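Below is one structure, written out as structure tokens; comments come after it.
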Amino acid sequence: MRFGAEGRILKTIFIYSVLFSTMFVNACGQSKQEKMRLANQHKDKALQLRYEGRIEEAIREQLQAIDLNPDDSSLLVNLTGFYLDNGKVEKAKNTAERLLAKAPNNAWGHYLYAESLLKLDEKEKSLAEYKKASDLEPANPLFLVNLGVLYGELNNVPEQKKAYEKALEINPNYTDAIYNLALLEERENNNERAVVLFKRVIDLETENKEMLRRAQEKLDIFKNKKVAKP
């Protein structure tokens, strides 16, 4: 009898333990899902605030999102970008380092780390990070254009040109690459090629008014030179 009674008691305890464990796991799962939902709300609000130019508020929202979901690397990517937008370069650098410690193969992490290093005038380190970003995401023309610009600052014209041309192999209509390549062709006195490229910028670009203005200025200069030529 005693063994039977103990057996029933142990069985009852076991059943309650299983039920409690199941409820606890479900509760934790729901709690995690709720935190992720709230984190996404803060992330979306942060992006909207960034779009409106309210960077400080965007940063606060993004920090709340990270507190709720610290495992989401994309939240650190956005925060790094916000810090760069706000001129807080050291914070951007530190956040990028935190991101890369968590996700060493995050291409955007390396790209934003390169951006922060460049703003701190650490050009060689920045170059290495741009290369890592491009190696991890080779189909991203943005990474290649920024890599090319930095090669230009380091007076490595062959690699600069190669980066722009590679970006255009990926996306022939990528106006940032076309415009920068046009400037390079102009500096090398390849004026006919430069004119063709500046015209392509004007034909393709629809949003960057400053780029359009500068491209048109370049074409006007070439036109005036041609008219003035005896």
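Looking at 192, 153, 169, 186, just one residue is over 22 Å from residue 140 (Cα atoms), acidic (Asp, Glu) and surrounded by fewer than 14 Cβ atoms within 10 Å (Cβ to Cβ), and that residue is 192.
Candidates in the range 72-87 are the residues that are in contact (Cβ under 8 Å) with a residue 12 or more places away in the chain and part of a loop (DSSP other than H, G, I, E, B); of these, the one that is surrounded by the fewest Cβ atoms within 10 Å (Cβ to Cβ) is 86.
Name the one entry in 51, 111 that is closer than 27 Å to residue 171 by Cβ and at pLDDT below 95. Criteria check complete, one pass: 51. Only one of the numbered conditions (1) assigned by TED's automatic domain parsing to the domain that holds residue 72; (2) over 23 Å from residue 74 (Cα atoms); (3) of a type in the set (S, T, N, Q) is violated by residue 173, and that is (1). In the range 204-221, what residues are in a helix (DSSP H, G or I) and either within 27 Å of the chain's Cα centre (by Cα) or closer than 11 Å to residue 183 by Cα (or both)? Of everything in the range 204-221, those that are in a helix (DSSP H, G or I) and either within 27 Å of the chain's Cα centre (by Cα) or closer than 11 Å to residue 183 by Cα (or both) turn out to be 204, 209, 210, 211, 212, 213, 214, 215, 218.
Looking across the range 102-133, the residues that are touching a residue at least 24 places away in the same chain (Cβ under 8 Å) and outside any helix (DSSP H, G or I) come down to 103, 105, 106, 120.
The values are calculated or read from the model by the stated rules, or taken from the named source; none is laboratory data. Just so you know, these numbers come straight off a predicted model, no measurement behind them. Every residue, glycine as well, gets a Cβ built from its backbone with ideal geometry; the counts of neighbours run over all protein chains shown.
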